[in-house]
Amino acid sequence: MTAGVTSGERFRSWADIQANAARGAGGLAALGVGEDDSVALMLRNDFATFEVNMAAGQLGAYAVPINWHFTADEAGYILRDCAAKVLVAHADLLAGIAPGIPAGVKVLVVPTPSEIADAYGVPAEQRQGRADSQTWGAFVAANVANTAPPKLSRGSMIYTSGTTGRPKGVRRAPSSPELQAASATDVARYWGLLADPSTVVLMNGPMYHSAPAAYGMVSARLALPIVLQPRFDAEDMLQLIARHRVSHMHIVPTMFVRLLRLPAEVRQRYDLSSLSWITHGAAPCAPAVKRQMIEWWGPIINEYYGATETGIVVWHDSHEALKKPGTVGKVVEDAILRIVDEQGRDVKQGEIGEIYVRGPHLSEFTYNNDDAKRRDVALGDLVTVGDVGYQDADGYIFLCDRKRDMIISGGVNIYPAEIESALIQMPGVRDCAVFGIPDEEYGEQICAHVEPLAGEAIDAASVRAYLAQHLARYKVPKVIELSTALPREDSGKIFKRKLRAPYWEKAGRSI
């Protein structure tokens, strides 16, 4: 397959993308963008997503991807917080955030291509943008290529999910070329990306998330052929794999579940023999789901654990997954991991504590405009993102949940991820979210929102009965709500905050 990016029936070579990035960098520099400045992107995965990232990188500026589900208020907060000088956005996304764009921000429009517009049902009149708007393509064509020596890379400034408040921008210090190369080598190693003619990458996750962004940009650095899936759909993914002979993908567990829900005749319809290395992370994966995927696709599924702040710190392959169901793996070379109690003391082997880590080959970071929050997550030179878990006698790490998501009911610690892992395997369940809500007697109680598969008759009683067969009684949710569509990002990740907020607001408490 020719090296470049394929989206629908369109193709752009890496040579053309790099040339556009150089001209884009020249244009951004003319607008006053320089080192430590910010260039924001509100783009679905498209050619321009790579070009803008590369252009900002040449100038030593931060590329700041914005979740395109965000409202004008949410997007406006990020644009102000990062002091963006330029915003590049798909045409159909601009109208929704226009009231939040600060004065003085230069806006460049990317016409929404047909394959993306069709996937999201974008009306024809919203695909091109206003007649008086300047497109990214016209901007690139009107400028000369940047020929100045590349500045030290800052990479992307990814804003974390904001589960407990406004998102925080992870702002890294400049990286030397040697550090950049070492970091890219780490990612390529654990994600199996090789500069090999047979490697074909399928991008199915939005590049406003840190892992898909890193996956896409490392693939670009290696000049690998990339196929963009406009919007995740399980059967469409299988079609793309077969059509383009895809070998590598980054997947989140929700996608595994959707794939396994396909009828057997659909799953058997497509030739998946080209697949050689599947990477997954970003959320817990139920052991039964992992086992079924390995049985279907073979021992090519690899899992990592890390965060925007830390990079990859733990990893394992399919053979280890079958040997140690539920593990996220062992600590990788040159990474450090400690599991500690409330006083910061190392817990005993097998005991649950908060996980602190330091990843290899990454420059130091802070939270943009909030050094205090950075200090709050530190333990010496290690940091935590709030995960709790334990390490077994063989050195394998097991996650329980996020500390902030843990439910404390009557003094007992309950981990929603464990309940979700059981519930997602219930016949007829498409997706679910479990979280704590206020309770006068116990402090918190367990609430589950369940999305049934289309046409399935599920009620609260059947959910409780199923969970009672697999979990201790105190872990069975007291409140169960059935929903036809849970609020979720394009990756499938559920917006728990939106589900949880009304219960806490009703109780007069904040989350």
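Every number here is computed from the coordinates shown, using simple stated rules; none is lab data. Worth saying up front: this structure is predicted, and the values here are computed from it rather than measured. Cβ: placed from backbone, ideal geometry, glycine included. Neighbour counts: every protein chain shown.
The table for this structure:
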{"quantity": "Of 168/290; 403/496; 373/493; 373/475; 85/496; 323/475, those spanning more than 22 Å from alpha-carbon to alpha-carbon", "calculated": "168/290; 373/493; 373/475; 85/496; 323/475"}
{"quantity": "Using a Förster distance of 35 Å, the FRET efficiency for residue 11-residue 132 (Cβ separation, nearest 0.05)", "calculated": "0.70"}
{"quantity": "Cβ-based charge dipole, the range 360-430, positive-most Cα from 385, 409, 397", "calculated": "409"}
{"quantity": "In range of the label at residue 483: residues from the range 426-454 whose backbone nitrogen is under 16 Å from the point 7 Å along Cα→Cβ", "calculated": "429-438, 446-454"}
{"quantity": "Of the GluC sites (Glu not before Pro) in the range 363-456, those whose Cβ has at most 15 other Cβ within 10 Å and which sit in DSSP loop", "calculated": "364, 440, 441, 456"}
{"quantity": "Linear extension gain, residue 349 paired with residue 474, 0.36 nm per residue minus alpha-carbon span", "calculated": "42.4 nm"}
{"quantity": "Calculated FRET value between residue 497 and residue 30, using beta carbons and R₀ = 45 Å, to 0.05", "calculated": "0.65"}
{"quantity": "Cβ-Cβ FRET estimate between residue 103 and residue 179, R0 fixed at 30 Å, reported to 0.05", "calculated": "0.25"}
{"quantity": "Cα-based helix-to-principal-axis angle, 177-190 vs the chain, degrees rounded to 10", "calculated": "50"}
{"quantity": "Exposure proxy order (Cβ contacts within 10 Å, fewest to most) of 415, 77", "calculated": "77, 415"}
{"quantity": "Cβ charges +1 (Lys, Arg) and -1 (Asp, Glu), total dipole of the chain, debye", "calculated": "320"}
{"quantity": "The range 414-506 - charge dipole about Cα centre, Lys and Arg +1 at Cβ, Asp and Glu -1, debye rounded to 20", "calculated": "80"}
{"quantity": "Principal axis box of the range 10-151, alpha-carbon based, largest edge first, Å", "calculated": "42, 35, 24"}
{"quantity": "Helix axis angle, 72-81 relative to the chain longest principal axis, alpha carbon, degrees", "calculated": "70"}
{"quantity": "Translational diffusion of the chain, µm² s⁻¹ [Kirkwood Rh, Cα pairs; Stokes-Einstein; 25 °C; 0.890 mPa s]", "calculated": "103"}
